[in-house]
Amino acid sequence: MGTRGKPHRSFRIRSDIWSLRLVGYPSCLGKGEHFGPRHLVRPTPSVRCVSRPPSPLHSCPDRNDGDLLRKHRRHPFSGSAGRREPLTKKRVPTGVPGLDRMLHGGFLPGSVVLIRGAPGTGKTSLGLQFLIHGATQENEPGLLISFEEFPRSLYRDAASLGWDLEILEQEQRLHLMFTSPEVFLAGLETPASIVDQLIKKYGIRRVVLDSITHFNRLAHDPHELRQIYTRVANGLRREGITSLLLGEEARSEVVRADKGGLAFVVETIILLRYVEVESAIRRAIVILKMRGSDHDKAIRQYKIGKGGLVVGDVFEGRRELLRGISYRAT
């Protein structure tokens, strides 16, 4: 959605969260780095906790450890560890006309969803639409964690779709966090991280992470990458939060993500694609998987305009749509 700037390596959070006390970070920060109003928390090349010995329930990442997951029997976001939504609870609607029908009412509560697509297909727009619908229609505060958007460009692009993010921030129904993958992962190892404080203070129920592709460069091999994916997904899932992970569709990134087993970590995968139909570019959406629920398996058209995405009719009489260039069915 819009032009993306150079990925942030600094940490910036919008809305009324400067009053929150950051607990546990100082021992993991480099010399002279701190957190506070208009200050930055910068990632260090290697994050280690030195203020207390590690325990089975809390430790910083160690590349020499063969199984990071054994260290996290409790959820790294400490506020409501282990809490799960009742299976009988209603679906979590996306607010995208047509998509909720494909999902048979919405996502399952507490699920982790991968939204994959090429640049410009509307991943960030869909994520914002999901958050805004929750904040304005479902009384579910939301959090956008961005590794690549600048605040100014995000506000501008949202305004072009008819959304005023600053008003929602002022009303404390939407919260925006601009950080780096390194800082975010370090926060997962902190019992009272800023994400945990946001979740508890504002009752966050929906999260969008833009984008999970940035974790690819932090791993040395597919096994380590899968550990990262699992830590991120479990950190959100065990809070009972319904979360969207946005991922790039560039072929090299798809191969890298697939080797990391991302498809096995998430419950739902939605693919956004450009397709050529009769010398015109259209957009296609398909739900590749939805664990624990049936769903519409058709490839449908969608458009982006004022108010966000609208999912429409099935592509009729076409084949090989997911290859990008479709042909008439014979």
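Any read-out appearing in this document is the output of simple, stated calculations on the displayed coordinates, not a laboratory observation. Quantities reported herein were computed from a predicted structural model and do not represent experimental measurements. Cβ sites come from the backbone with ideal geometry, for glycine too, and all protein chains shown count toward neighbours.
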In whole Hz, what ³J(HN,Hα) sequence does the range 192-197 give by Karplus (6.51, -1.76, 1.60; θ = phi - 60°), x for Gly and Pro?
10, 5, 5, 5, 4, 5
How would you order 281-289, 116-124 from highest to lowest mean count of nearby Cβ atoms within 10 Å?
116-124, 281-289
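Rounded, prolate or oblate for the range 192-281? Axes are the square roots of the Cα gyration tensor eigenvalues, ordered a ≥ b ≥ c, and the cut-off for rounded is a/c under 1.5. Intermediate values should be presented prior to the final figure.
Values: a/c = 2.57, a/b = 1.47, b/c = 1.75.
Note, shape of the range 192-281 comes out oblate.
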Rounded, prolate or oblate: which fits the range 270-319, taking a ≥ b ≥ c as square roots of the Cα gyration tensor eigenvalues, rounded meaning a/c under 1.5, else prolate when a/b beats b/c?
oblate
